[in-house]
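Heads up, the thing below is written out as structure tokens.
The values are calculated or read from the model by the stated rules, or taken from the named source; none is laboratory data. No experiment lies behind these values; they were computed from the predicted model shown. Here Cβ is always computed from backbone atoms with ideal geometry, including for glycine, and neighbour counts include all displayed protein chains.
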Amino acid sequence: MLPLSFPDSVGFKEFMQLADPRYDVPSRRTLTRLLTNSLQILKTSVADHIRECTKSYPMYHEVHATVDLWSSRVMEPILGIR
């Protein structure tokens, strides 16, 4: 639940140096690239599933979705899709 720029902060880099000097902290750009790639794979998968459903049930030629993001009391991220 932190911004992607968090690993670029001096404090976090110093903390990680103390925690494990061998760990190479990824940059914001690296994190963004990895997340963008993962999102593209997920997007393709969802589109394939929608295509499959609309072929199996031609009377449902449109798909409407609602997405909601929130967090639990202990800050666990929750994604709801309907």
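Restricting attention to region 26-45, does a residue exist that is hydrophobic (A, V, I, L, M, F, W, C), in a helix (DSSP H, G or I), touching a Phe, Trp or Tyr at 6+ places or on another chain (Cβ under 8 Å) and without any contact (Cβ under 8 Å) to a residue 40 or more places away in the chain?
no
Considering each of L2, L39, L34 in turn, give the residue that is closer than 30 Å to V74 by Cβ, loosely packed, with under 12 Cβ neighbours inside 10 Å and at pLDDT below 90.
L2
Do you know which residues across region 51-74 are of a type in the set (D, E) and in a helix (DSSP H, G or I)?
Hit for region 51-74 is E52, nothing else.
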